[in-house]
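The structure under discussion is supplied below as structure tokens; questions concerning it will follow.
What follows is calculated from the coordinates using simple rules that are stated; it is not laboratory data. Being a predicted model, the structure only gives us computed values, none of them experimental. Using ideal geometry, Cβ is built from the backbone for each residue, glycine included, and neighbour counts are taken over all protein chains shown.
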Amino acid sequence: MEPETSPSRPDELRRGVLVFVFLAILTAIEYFIGTHELPVILLWVIALIKAGLVIWYFMHLKRAFREEGEHE
Amino acid sequence: MSAEVPALKPAHSYAYKLRTQRIGLWLFILSDAFMFGGLLVTRFYLLGNRRPDLDQFVGLIVTSVLLISSFFMNRAEVHISQGNQRGFITSTLITMLLGIGFLAGVIGVEWRMAHFGPADGPQGAVFYMMTGMHAFHVLTGVIFLAIILRNGLKGHYSAERHWAVEAAANYWHFVDVVWIFFYPALYLIGMAI
């Protein structure tokens, strides 16, 4: 089994851009749903996805559970 | 007869402190999230399927500004973890300016444009309490960023040691997560009053 490795630095920057683009698209969809009176549940689903992306990729939740105390 | 005792990491080591500081920060974020969660519940309890009559365009702009600031905050953290001081300084400065822009948009524009005050019924109480408490957190985040910017300019952070930057970034992203829920709750869900 391949050991789990953290992404290299250029990958981290690229991942940040991808997450940002995804969040921006979701925000635009959110605005469209809100201004066109579409089902509210969609807004909650999008909000949860956006929060999950930020918590996982920007806040690095998994770092809190690490045994090693190191920066990535 | 002495049994082998596994070696413990010294309590004063950077690695040990980093681990415990991370847990402490996440516990703080969790406790703060309960406060914001309470405000969110209050909004639906008091207003139900109605919402304050707010400018949709301003709402979208301030939301976008905060989202972009989170992007630059992430870049600042990645840059310092690469040892790129210049990139860290630039990205932190942009994040700060965007945070100030968000405050100007909410307090300087949206609060002035709103045709109701804090004492004008449930919608005033809900809107000003939610945006006010969130703006207070953005302000403290900007102060936190100013501190790491100052320390960064003095060269206090390196690729191996930058806990304050990580903490400021996590706090800033948390403030963004709160707005991810506040934005639809205030601007998009329900009929305008």
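Could you state the principal axis extents of the C-alpha atoms in the stretch B:53-155, from the largest down, to the nearest angstrom?
Here the spans come out as 52, 23, 16 Å, largest first.
Right, another one. What percent do you get for the relative contact order of chain B when only Cα pairs under 8 Å and 6+ apart count?
35 percent
Under the definition of partner shielding as Cβ atoms of other protein chains within 10 Å of a residue Cβ, what is the mean value for peptide B:25-32?
1
For B:LEU25, A:LEU48, B:LEU98, what ranking results if the residue with the fewest other Cβ atoms within 10 Å of its Cβ goes first?
With the sparsest Cβ surroundings first, the list reads A:LEU48, B:LEU25, B:LEU98.
Where the Cα atoms of chain B are projected onto their three principal axes, how long is each span, largest first, in whole Å?
75, 47, 22
Right, here's the next one. Sequence-distant or interchain residues sharing an amide H contact under 5 Å with B:ARG51, placed H: which?
B:MET191, B:ALA192, B:ILE193
Run the Debye formula on the Cα coordinates of the stretch B:108-192, all scatterers equal and no solvent, and tell me log10 I(q)/I(0) at q = 0.17, 0.18, 0.22 1/Å.
Reported log10 I(q)/I(0), two decimals: -0.78, -0.83, -1.05.
With a ≥ b ≥ c taken as the square roots of the eigenvalues of the C-alpha gyration tensor of the stretch A:9-63, please select rounded if a/c is under 1.5 and otherwise prolate if a/b is larger than b/c or oblate if it is not?
Cα axes put the stretch A:9-63 in the oblate bin.
Take peptides A:60-66, B:181-187 and line them up by average Cβ neighbours within 10 Å, highest first, as a rough protection proxy.
Ranked from most to least packed, the peptides come out as B:181-187, A:60-66.
Residue by residue through B:73-85, how many Cβ atoms from other chains fall within 10 Å of the Cβ on average?
Average neighbour count from other chains, rounded to a whole number: 4.
Spin-label point model (7 Å from Cα, Cβ direction): what's the A:PHE65 to B:ARG50 distance in nm?
4.4 nm
On full extension of the chain, what length is gained from B:PHE116 through B:PHE57, given 0.36 nm per residue of separation minus the C-alpha to C-alpha distance?
19.4 nm
Count of lysine pairs in the protein assembly as shown with Cα atoms under 29 Å apart, counting only pairs 8 or more residues apart in sequence or on different chains?
5
Would you please calculate the Kirkwood hydrodynamic radius of the protein assembly as shown over all C-alpha pairs and express it in Å, rounded to one decimal?
When all Cα pairs of the protein assembly as shown are included, the Kirkwood radius is 19.8 Å.
For B:PHE28 and B:HIS156, what is the calculated FRET efficiency with R₀ set at 30 Å and r taken between the beta-carbons, to the nearest 0.05?
0.85
Rounded to the nearest 0.05, what FRET efficiency is calculated for A:ALA24 and B:THR90 with R0 set to 25 Å and r the Cβ-Cβ distance?
0.75
Give me the net charge for the shell around B:GLN85: Cβ to Cβ below 14 angstrom, other residues only, Lys and Arg +1, Asp and Glu -1.
+3
Then there's this: Taking a point 7 angstrom from the Cα of B:ALA192 along the C-beta vector, which residues in the stretch B:111-128 have backbone N less than 14 Å away?
It comes to B:113-116, nothing else.
If you line up the long axis of helix B:163-183 against the longest principal axis of chain B, both from Cα atoms, how many degrees apart are they, to the nearest 10?
20 degrees
Something else now. Which net charge results when you count Lys and Arg as +1 and Asp and Glu as -1 among the other residues whose beta-carbon is under 13 Å from that of B:TYR187?
-1
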